[in-house]
Amino acid sequence: MADTPKVLPSQVLRAIQGKEGEHSYSEEELAGLRAQIIEERAKRRAEAATSQPTVIVDNLNIIYRIHGAGTGRGSATGALSRIVSRRAAPTIREVHAVRGISFVARRGESIGLIGRNGSGKSTTLAAIAGLLPPEKGGGVYTDGQPSLLGINAALMPDLTGERNVIVGCLAMGMSRVEANDRYQGIVDFSRIQETNPHAMSLPMKAYSSGMAARLRFAIAASRDQDVLMIDEALATGDAKFQAQSEQRIRELRASAGTVFVVSHSMAAIRDTCDRAIWIEAGRILMDADVDEVADAYEAWSKQG
Amino acid sequence: MSETGGIVLEELPPPAIDPEFAELGGVALAAKFGLKQSGKRPPLFEYAAQLWQRRHFITGYATAKNRSLYSNARLGQLWQLLTPILNVAVYYFVFGILFTQSKGVPDFLLFLVVGVFLFNFLQTSMINGSRSISDQLVLIRALHFPRACLPISATLIQLQQLGFSMVIVVIVALATGQTPTLSWLAVIPALVLLSVFCTGMAMIVARMGSVLTDTAQLLPFISRTWMYLCGVMYSLASVADKAGVPHVVKLMLYYDPPALFITVVRNCLIKAPVAASYPNAADFHAAVNALHQPAYAWLFLLFWALAFGVGGFVYFWKAEEQYGRG
């Protein structure tokens, strides 16, 4: 844990604004820390600006087609009368979730996606992961296969935590020996045995959502991924785990991977990301340094 | 961006654009650095190579699933043996005793056991295969691996069960007075071909099940009808050799893949009837016909296995990028 910052960027900022409770820093020290953080970030961003692209999003449009919205597909009589009368499913409603997004992400970048609920952040990530087909006229290009970590429950709910770790590692393409080697590290990182020493032998459906999220993050982060996307997966963890996973994100970034983080916590975004993209109604509003975007987003949110 | 001035979304300057992207455009920039379209389906042979690379995942997943299968039951793994035994007991009671289908069939118990276990392998492979994609959406969305791993695993789980069942087959064969011969070994290649066939079927229904979720509801009825057409618990000859059955129907009944697999395995295990041990010629002929193996049976087994194994794989691969959507 060599490059753990003494103080997190969000803490320094809060202290300067007088929002952090007690701290032992003088105003000059805080200003110095802040300057140091900004300088280091600028250096990292300058380095990343010329490194190899890992994700190219080119005029991405995503349209969800929802079949039979409105009238109930669930009602048996409705379905039957449709079959009898040979009418097609009544309505197909289109939701244009992402409207022409373009950006380039490069090695060593960590990018925060911010915006309100339903603005298209998660849809964008799903498209980068190759799970949603882009509309014609645009595309998503990636280096290797990005992994998407969402907040959904267990990977394989009826299997034990232990099996989930091994099988999850194998699914990511590790060999059996490699998976066994990584096992202890993953369990230690997830820390789920600290609260319940038998947790690993329980089926994952018995885990709390926080425990499951921790184990899943530990599995996915165990491998140095080229592109890792985290969709609010950290929100369910406790404070200690959040700090630890933010540290892991910084390590991944340092090992020349690209990390995307979706979060509603501006502190988490400021602490893990160098760059931020603000998405509103399926379009990019801002794509710049994390402080600049987070400041603008916070100011806009406060306007109500 | 001062807090006093307020922010009007419409007045924000356009977002910054990567200079290289602005210069080259997305497609050319992707080509320059060798980036590939995300989620695009790899060519068939590359896909097969990826699948081979994940073989440990396929076996690991199957073993883990198998272990958890009876974890809620008190008798636990004993059900691996109890399930097939109870299955056979029910069919023996209904078809052997109530409907007396055993008449004229040599070694009816062994005949029934082989039929039930082999068809059960196909049936459960298909039913679990049809759910293999739709039940694992979380896994599919979180990690990237060739999706064919899942239906193949589903078949492998059933193959492990078939292994337990074959132990019972051997016990029944010895208990009913069959003596082991070299022809028993021929069961192994037959089961290998059957596994390839079942894997292909599992991949076909997996793709169907991923699009049309009603497949899983419908499949038990389809497979049960199929089972009654395959001579699992009666001799096919008693239906096919009746007067007035068209030749085409007869061929279809005998060469129907599951029926053919069952017939071949039965002939490997059950000794051919000897005329001397039957009271009259009619009974002897019924016994011979009950085990009737059509011409070129092994060749057809090979054909069915390859046709459905390769066909199912290609059919599944064609929709690779669509699994996990929706």
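The values are calculated or read from the model by the stated rules, or taken from the named source; none is laboratory data. All of these numbers come straight from a predicted model, not from anything done at the bench. We place every Cβ from the backbone using ideal geometry, glycine too, and count neighbours over all the protein chains shown.
Data overview
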quantity	calculated
The one condition in (1) within 11 Å of chain B (Cβ to nearest Cβ); (2) at pLDDT below 80 that residue A:91 fails to fulfil	(1)
Tally of residues being in a strand (DSSP E or B) and in contact with a Gly (Cβ under 9 Å, 6 or more places away or on another chain) across the range A:88-109	10
Exclusive hit being in contact with a Lys or Arg (Cβ under 6 Å, 6 or more places away or on another chain) and of a type in the set (A, V, I, L, M, F, W, C), set B:319, B:282	B:319
Condition met for residue B:108 (touching a Gly at 6+ places or on another chain (Cβ under 8 Å) and surrounded by fewer than 23 Cβ atoms within 10 Å (Cβ to Cβ))	yes
Some residue of the range B:147-158 being of a type in the set (A, V, I, L, M) and more than 14 Å from chain A (Cβ to nearest Cβ)	no
Filter pass, residue B:77 being surrounded by fewer than 16 Cβ atoms within 10 Å (Cβ to Cβ), among the polar types (S, T, N, Q) and more than 30 Å from residue B:223 (Cβ to Cβ)	no
Checklist (1) without any contact (Cβ under 8 Å) to a residue 24 or more places away in the chain; (2) in contact with a helix residue (DSSP H, G or I) (Cβ under 9 Å, 6 or more places away or on another chain) applied to residue B:244, failing item	(2)
Strands (runs of 3 or more DSSP E) enclosed by the range A:239-304 - at least 1 residues per element that are surrounded by fewer than 23 Cβ atoms within 10 Å (Cβ to Cβ) and within 14 Å of another protein chain (Cβ to nearest Cβ)	A:275-280, A:283-289
Helices (runs of 4 or more DSSP H) (entirely within the range B:1-109) containing at least 3 residues that are more than 11 Å from chain A (Cβ to nearest Cβ) and modelled with pLDDT of 85 or more	B:44-53, B:79-91
The lone exception for residue A:156 - which of (1) facing chain B (nearest Cβ under 8 Å); (2) farther than 23 Å from residue A:286 by Cα; (3) in contact with a strand residue (DSSP E or B) (Cβ under 8 Å, 6 or more places away or on another chain) it fails	(3)
Failed item in (1) within 30 Å of residue B:135 (Cβ to Cβ); (2) β-branched (Val, Ile, Thr); (3) surrounded by fewer than 20 Cβ atoms within 10 Å (Cβ to Cβ), with residue B:288 passing the rest	(1)
Filter pass, residue A:232 being away from every other protein chain (no Cβ under 11 Å), surrounded by fewer than 21 Cβ atoms within 10 Å (Cβ to Cβ) and in contact with a strand residue (DSSP E or B) (Cβ under 9 Å, 6 or more places away or on another chain)	yes
Set B:75, B:112: member being in contact with a helix residue (DSSP H, G or I) (Cβ under 8 Å, 6 or more places away or on another chain) and touching a residue at least 40 places away in the same chain (Cβ under 8 Å)	B:112
Which listed residue is within 14 Å of chain B (Cβ to nearest Cβ), outside any helix (DSSP H, G or I) and modelled with pLDDT under 80, from A:66, A:83, A:62	A:66
Condition check for residue A:211: in contact with a helix residue (DSSP H, G or I) (Cβ under 9 Å, 6 or more places away or on another chain), more than 10 Å from every other protein chain (Cβ to nearest Cβ), surrounded by 21 or more Cβ atoms within 10 Å (Cβ to Cβ) and among the aliphatic types (A, V, I, L, M)	yes
Which listed residue, of A:135, A:178, A:194, A:162, is more than 8 Å from chain B (Cβ to nearest Cβ) and touching a residue at least 40 places away in the same chain (Cβ under 8 Å)	A:135
Lone unmet requirement of (1) outside any loop (DSSP other than H, G, I, E, B); (2) more than 24 Å from residue B:107 (Cα to Cα) for residue B:245	(1)
Yes/no for residue B:183 being touching a residue at least 40 places away in the same chain (Cβ under 8 Å), farther than 25 Å from residue B:108 by Cα and assigned to a helix (DSSP H, G or I)	no
Residue B:225 being touching a helix residue (DSSP H, G or I) at 6+ places or on another chain (Cβ under 7 Å) and β-branched (Val, Ile, Thr)	no
Residue among B:209, B:231 that is at negative phi and not charged (D, E, K, R)	B:209
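Here is a yes/no grid of residues against (1) within 14 Å of another protein chain (Cβ to nearest Cβ); (2) not charged (D, E, K, R):
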position	(1), (2)
A:10	no, yes
A:15	no, yes
A:24	no, yes
A:29	no, no
A:34	no, no
A:37	no, yes
A:40	no, no
A:44	no, no
A:54	yes, yes
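Residue-by-condition table, conditions (1) among the aliphatic types (A, V, I, L, M); (2) in contact with a Ser or Thr (Cβ under 8 Å, 6 or more places away or on another chain):
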residue: B:80; (1), (2): no, no
residue: B:84; (1), (2): no, yes
residue: B:89; (1), (2): yes, no
residue: B:93; (1), (2): no, no
residue: B:103; (1), (2): no, no
residue: B:118; (1), (2): yes, no
residue: B:130; (1), (2): no, yes
residue: B:137; (1), (2): yes, no
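Residues checked against (1) touching an Asp or Glu at 6+ places or on another chain (Cβ under 8 Å); (2) of a type in the set (D, E, K, R); (3) more than 7 Å from every other protein chain (Cβ to nearest Cβ):
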position: A:109; (1), (2), (3): yes, yes, yes
position: A:114; (1), (2), (3): no, no, yes
position: A:119; (1), (2), (3): yes, no, yes
position: A:126; (1), (2), (3): no, no, yes
position: A:130; (1), (2), (3): yes, no, no
position: A:148; (1), (2), (3): yes, no, no
position: A:185; (1), (2), (3): no, no, yes
